[in-house]
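Some notes on the structure that comes next.
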Amino acid sequence: ITAPVIAIDGPSASGKGTVAERVAAALGYHYLDSGSLYRLTALAAVRAGVALDDEVGVAELAAGLPASFVGGRILLSDDDVTDAIRTEEISAGASKVAALPTVRAALLARQRAYRRFPGLVADGRDMASVVFPDAAAKVFLTASAEARAERRYKQLIAKGMPANMHALLQDLQERDARDAQRSVAPLKQCDDAVLVDTTPLGIDEAVAAVMAIVKRQS
Ligand code: C5P
């Protein structure tokens, strides 16, 4: 028998990361932020001077990522890159390297290795469709592009970082289009996933909605 997986997929800034972490904590499960692996790959490529469309070079970096997750921090070798992987530049870079089939293949086994008892909550774009097709519960978490851009805007302002609502909305829509239109593992709702639209929901309500689905499906 294998450990149960709760798959939470959705577009960028839909709140799936926060919701997934909270659901994992409530269930006492492990948590996988699969997007961070694509972000780490993009950062490693930028730092190594490897072009983001160099299929072979970027896949090699993805296969050997010296990444570790320690107490909520994300490390690349000994370097704390928790904030460095969240910049707009790396967000765009992640969605570029994520379109390369060789990169997705290189990260597949690493993602599946997170499946351990008592269970795993995994968030991303293809958790339900590709990485954990046998997930016990599948959720597609989304929100309108405007609501997502506004959340991201508030996060940046709260961190004292510069933010431009119009530019954020445009970046988000570009990334959504790239994620939805790529030929491998495009972002889409699986037939057996339950839709949660968080546009009108606060974080507690979104967590409660997902917990209700988990209880019903698994
Ligand atoms: O979820 P997050 O925004 O951190 O993901 C960053 C990028 O990584 C996404 O824009 C997407 O292109 C890619 N990604 C993916 N498959 C996943 C998770 C993320 O293609 N499972």
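The values are calculated or read from the model by the stated rules, or taken from the named source; none is laboratory data. Just so we're clear, the structure is a prediction, and the values are computed from it rather than from any experiment. All Cβ positions, even for glycine, are placed from backbone atoms using ideal geometry, and neighbour counts span all protein chains on display. Heavy atoms of the whole protein, side chains included, go into the accessibility calculation; ligands, DNA and RNA do not. Shrake-Rupley method; radii C 1.70, N 1.55, O 1.52, S 1.80 Å.
Of everything in the stretch 1-24 that is open to solvent by 30 Å² or more (accessible area, probe 1.4 Å) and under 14 Å from A206 (Cβ atoms), the residue that is nearest to the ligand (Cβ to nearest atom) is A13. Residues that are within 30 Å of A209 (Cβ to Cβ) and either modelled with pLDDT of 95 or more or within 12 Å of the ligand (Cβ to nearest atom) (or both) do not occur anywhere in the stretch 44-52.
Here H166 meets each of (1) more than 18 Å from K16 (Cβ to Cβ); (2) in contact with a Phe, Trp or Tyr (Cβ under 6 Å, 6 or more places away or on another chain); (3) of a type outside the set (K, R); (4) modelled with pLDDT of 95 or more with one exception, condition (2). Examine the stretch 89-109 for a residue that is closer than 22 Å to A193 by Cα, in contact (Cβ under 8 Å) with a residue 60 or more places away in the chain and of a type in the set (S, T, N, Q), and state whether such a residue exists. Within the stretch 89-109 (the criterion being closer than 22 Å to A193 by Cα, in contact (Cβ under 8 Å) with a residue 60 or more places away in the chain and of a type in the set (S, T, N, Q)), the answer is no, since none of the residues qualifies.
D197 passes every criterion in (1) under 15 Å from S14 (Cα atoms); (2) within 16 Å of the ligand (Cβ to nearest atom); (3) in contact (Cβ under 8 Å) with a residue 12 or more places away in the chain; (4) not hydrophobic (A, V, I, L, M, F, W, C) apart from (2).
Taking residues in the stretch 132-145 that are basic (K, R), and partners anywhere that are open to solvent by less than 20 Å² (accessible area, probe 1.4 Å) and modelled with pLDDT of 95 or more, the pairs with Cβ atoms closer than 6 Å and at least 6 places apart or on different chains are K138/A7; K138/A128; K138/A193.
Conditions first: (1) on the phi > 0 side of the Ramachandran plot; (2) within 16 Å of the chain's Cα centre (by Cα). P186 passes all but one, so which condition is the exception? Here P186 meets the rest and fails (1).
Meeting the requirement of 1 or more residues that are exposed (fewer than 13 other Cβ atoms within 10 Å of the Cβ), the strands (runs of 3 or more DSSP E) wholly within the stretch 41-151 are 67-70, 73-76. Just name the residue that is farthest from S91 (Cα to Cα) out of those in the stretch 172-190 that are in a helix (DSSP H, G or I) and open to solvent by 70 Å² or more (accessible area, probe 1.4 Å). My answer is Q181.
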